[in-house]
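The values are calculated or read from the model by the stated rules, or taken from the named source; none is laboratory data. What you see is a predicted model; the values in this text were computed from it and never measured. Glycine also receives a Cβ, built like all others from the backbone with ideal geometry; neighbour counts cover every protein chain displayed. Each accessible area value is taken on the protein alone, full model and side chains, heavy atoms only, with ligands, DNA and RNA left out. Shrake-Rupley method; radii C 1.70, N 1.55, O 1.52, S 1.80 Å.
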Amino acid sequence: MNLNQEYDVIIIGAGVIGCAIARYLMRFDVNLLVLEKHNDVGDEASGANSGIVHSGYDPLPGTNKAKFNVIGANMMKSVCEELDVAYENIGSLTISFSEEDNATLEKLHERAIKNGVETKILTKEETLEIEPNLSSEIKGALLAPSAGIVSPFALTVKLMENAMDNGAQLMLNEEVVKIEKIGEIYKVFTKKGNEFIAKTIVDAAGLYSDEVLEFIEKPSFKVTPRKGEYFVLDHFNRNFIKHTIFMCPTKVGKGVLISKTTSGNYLVGPSNDSCDITDVSTDSETLSEIKKIALKICPTLPFDENIRQFSGIRPNSDVDDFVIKESEKNPNFFIVGGIMSPGLASSVAIGEYVSNLIKDKLSLKINKKFNSRVRQHITLKKLGAELYNHLIFREPLYGRLVCRCEKISEAEIIDAIRRNCGATTVKGIKKRIRPGFGKCQGTFCEAEVVKILAKELRKDISEICYSELGTNVVLKSLKGDSDDK
Amino acid sequence: MINRDLVIVGGGSAGLASAISAYDNGVNDILILERNGELGGILNQCIHPGFGLHHFNEELTGPEYAHKYIEELKKRNIQYFLNTQVISISNEKIITYINQTGVNTIKAKAIVFAAGCNERTRGQISTPGCRPKGVYTAGLAQRYLNIEGRLVGKKVYILGSGDIGLIMARRMTLEGAKVLGVSEIMPYSNGLKRNIAQCLNDFNIPLRLSNTVTKIFGRDKLEGIEISDVDSNLRPIKGTEKYIECDTLLLSVGLYPFNSLLKEAGCLVNKETKGSLVDQNLETSIEGIFSTGNVLHVHDLVDFVSEESERAGKNAADYILGKRSNVINKLEVKHSLNVGYVIPSIINARSENEDIIFSFRVKKNIKKASIILKNSAKILYSCIKKNLVPSEMIKLKVKNLELIGTDNIQLEVIENE
Amino acid sequence: MSEKITCIVCPNGCEIEIDGENISGYSCKRGFKYAKEELFHPKRMVTSTIKISGTNEVCPVKTSLSIPKEKMFEVMKEINKVTVKKPIEYHQIISKNVLNLGADIIATKEFK
């Protein structure tokens, strides 16, 4: 690879925002490089959040949040269809427990009208009729039919896969440590000692977007990380709760939600605490507080189906709105920072908007070969038994189920490795096609997944990592003549 | 759709013993469906000795125990499909499976469900802290070591004194890892006493009772853990925290039946075992579907799995061959507070008196106890047993139990002074 | 001076008390034999795996007899030096008379 080549655009950060900008940029004739410091895309906030496509009634009218949320939520269904990403338009209910809450719901309803979002106030009876497992203590709810859920992992990966299918270049494990402006162009230095030059830089570094900006100018905002802890429940009953359920928002945030995920699990959380930017730990007190609130909303929520707890860090900022603009001091340096909630719902709209800004700035031509669709994943569930049989006849590895919780075949795993933006780690496989996400949490399939990765990547199993470089799952063989490989 | 007399789901110790027993009791049309590439199930990775003392009267390793059964299976020409995953079972006993020949269905006259168990994971015990690489269930680490020949780490701590964890403490030590200790949240060990002796004491590995892991450190790779003593309510005691630097944490915190297929088929579930609810013939609430081995309830010894599964195989054969008489009385089996669970949960009596095998566990250590079976009118059976512990399943073979003119049966374990 | 040991012969795990020549608490002959041996010459069976050459697989093995407890790590070293070729028979001898201890290393599983 020629490191001296000049790129039209370098995007720093391959979270859902960086990947969305990359995907939409490839609609134009552009030479694009994406730099990511982790060993996979979407490993910070994009990989640990609620997966909710908010409808957009909540942000204050006139803000970037309101603008991009509403457009993004409207785009999401068709984007997910193009990218073969799981999405469901399940609607959301914001629950009231008091007269005071009812007044808040009224205000939110008015705000929804201003934002152009359809909502409806439901009585207690109407709410319990559609969600009979909610507490009988509730006083009513605000229904937002356009809200949905999406797999945040798949969305991020597929945006990048599609960008790469259309010619974008991704380099992982490249942490940017310095940026210099030389005349009209930018020179980007990475920790590994590599240097890259480009006409345009996009700072989509999420939690680190202010740090990256500081390499070139004094940032106008500061990222103030907030931790959210969650429970994941097994897929025990898809209809137990049908909508995403929010607590009525208070001054400290949207509060605890209960929501189905696209895989049929339930998420319960998040908390909302300030934290160190790298602290992804969970703690018992926070989790038991979440549990208490969730049981207030839904007293029969089966916590014995709990299979995992995790935490994610939101890239909140001190300006309390998305920062999306070209730098005033440094032309062709685009800042896309502080993309907190509803960032996931807004991601595709931000991607489209920023890519248009760059197109205008660089006078990019249309990429006539752009293909907006990714090659479909083939699963038993999608195909049905009869068609799947034909597939097994052609490729018997579709008949070898590796993950019995989620029913994933060896052929699907191989496919997830061989694609653009393919998986190279155990976590990468898990994020893309789910083995390890089920009730057994990988205790049954992990060793098989490691072996398939080693075979496909032509490595010894001791070279296969769980996630980041250095997280090798097993050690080298101690036995016999160590003819590993 | 193909018709078969008996389909056995799972080719591990339970499936193998059921198949052989059903064959020996007159059913020849048997098919075993096994998800792995070989028969024997989890025995293949249990390369340590300690199996077969009850059943074969000699001490065998896991692969040897499996070998003996597989030889018997082959003598009888019983058919089996490998690399075959059952994906659904219907209440009509239609089995859908998938393998490299396609997605196929079979209609069975009877099913023996012998799919084994899963390990409890970190999520299920809610250990707080970071989520780095380096936290493994003991069974997964065992698979990496004994099947792939690889250690998962060099400085190891173990949470839970279950037998797999103890066995792994010895195995990893012998392969050159340093095992720093074992924490057990309960005030007593959950493993067999001899495993404490030969797996921990032999290598001077400390066992900390009433102690647990309260925090996990390391963003990407495990760097260390915090352990704390717990009080009588199993809550960590502030001020007792201790940091231990390690690269591996093994979890040996219990097993649970992998029973989801029968649950989806509509078989009633025993809330205490998480396996199916069965009668004295190991028959579930759906006629002709039997459940046995670790998918029914988690056993401590494979010998007991084999024994139970022979009964399941014979009962399935009797059902297929129409050898059973009608049910003349239906009884529920209840238990007192200090019993964790009892199998069977119900008795479908087909004659006035029957030999019934009860399997149960106590909830706490009891030095000496009277074990009583009674109905509302009288005591039907009693005996005295010593040294009852939760980690050891108790089997009670009651001869000629009176089953007519009686209502529900109650199993009581009464602590003697 | 008396000493208590846990019998490892079977899963019962009897607590055996040894007081000089006086051994009590065992419930079978094998337990008695174990207790005597444990006092003067403790022995253990070693199980491990041996690399199957030319593959990524390992073959489970055991010592055909129990070996002196203090020799366990030396026996492990020997086991980890050897490789074996397929096919492997059930109970095939892989190393004869390891370290002159009188026990062989034998395969506990067949590989075809």
inquiry  = If I filter region A:379-389 down to residues being open to solvent by 50 Å² or more (accessible area, probe 1.4 Å) and either under 22 Å from A:V79 (Cα atoms) or in contact (Cβ under 8 Å) with a residue 60 or more places away in the chain (or both), which single residue comes out as farthest from the other protein chains (Cβ to nearest Cβ)?
reply    = A:K382
task = Would you kindly identify the helices (runs of 4 or more DSSP H) lying entirely within region A:29-137 that contain at least 3 residues that are within 19 Å of the chain's Cα centre (by Cα), over 30 Å from A:M171 (Cβ atoms) and in contact (Cβ under 8 Å) with a residue 60 or more places away in the chain?
result = A:64-83
query = Conditions: (1) in the same structural domain as B:S391 (by TED's automatic domain parsing); (2) closer than 25 Å to B:S291 by Cα; (3) open to solvent by 20 Å² or more (accessible area, probe 1.4 Å). B:V362 meets all but one. Number of the miss?
reply = (3)
Residues of region A:238-289 classified as open to solvent by 20 Å² or more (accessible area, probe 1.4 Å), basic (K, R) and closer than 30 Å to A:K107 by Cα, total = 3
task = Please enumerate the residues belonging to region B:186-205 that are more than 9 Å from chain C (Cβ to nearest Cβ) and buried (at least 20 other Cβ atoms within 10 Å of the Cβ).
result = B:S189, B:N190, B:G191, B:C199, B:L200, B:I205
task = Find the strands (runs of 3 or more DSSP E) located wholly in region A:197-273 whose residues include 2 or more that are in contact (Cβ under 8 Å) with a residue 12 or more places away in the chain, closer than 30 Å to A:K381 by Cα and within 17 Å of the chain's Cα centre (by Cα), and list them.
result = A:226-233, A:257-260, A:266-269
request  = Answer yes if at least one residue in region B:240-259 is without any contact (Cβ under 8 Å) to a residue 24 or more places away in the chain, out of contact with any Phe, Trp or Tyr (no Cβ under 8 Å at 6 or more places or on another chain) and not assigned by TED's automatic domain parsing to the domain that holds B:A177, and no otherwise.
outcome  = no
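Here's the yes/no breakdown for (1) within 7 Å of another protein chain (Cβ to nearest Cβ); (2) over 30 Å from B:G26 (Cα atoms); (3) open to solvent by 30 Å² or more (accessible area, probe 1.4 Å):
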site	(1), (2), (3)
B:E71	no, no, yes
B:K75	no, no, yes
B:Q79	no, no, yes
B:S88	no, no, yes
B:I94	no, no, yes
B:I106	no, no, no
B:A138	no, yes, no
B:K155	no, yes, yes
ask   = Can you pull out the strands (runs of 3 or more DSSP E) entirely within region C:1-62 that have at least 3 residues that are open to solvent by less than 30 Å² (accessible area, probe 1.4 Å) and in contact (Cβ under 8 Å) with a residue 24 or more places away in the chain?
value = C:47-52
So B:G52, is it more than 8 Å from every other protein chain (Cβ to nearest Cβ), at positive phi and surrounded by fewer than 24 Cβ atoms within 10 Å (Cβ to Cβ) = yes
message = Quick check on region A:390-434: of everything there that is among the β-branched types (V, I, T) and more than 30 Å from A:G167 (Cα to Cα), which residue is nearest to the other protein chains (Cβ to nearest Cβ)?
response = A:I392
request  = Of all residues in region B:334-345, count the ones that are at pLDDT 95 or above and either among the β-branched types (V, I, T) or farther than 12 Å from B:F360 by Cα (or both).
outcome  = 3
inquiry  = Anything in region B:206-237 that is within 30 Å of C:E38 (Cβ to Cβ) and away from chain C (no Cβ under 14 Å)? List them, or say none.
reply    = B:P206, B:R208, B:L209, B:S210, B:N211
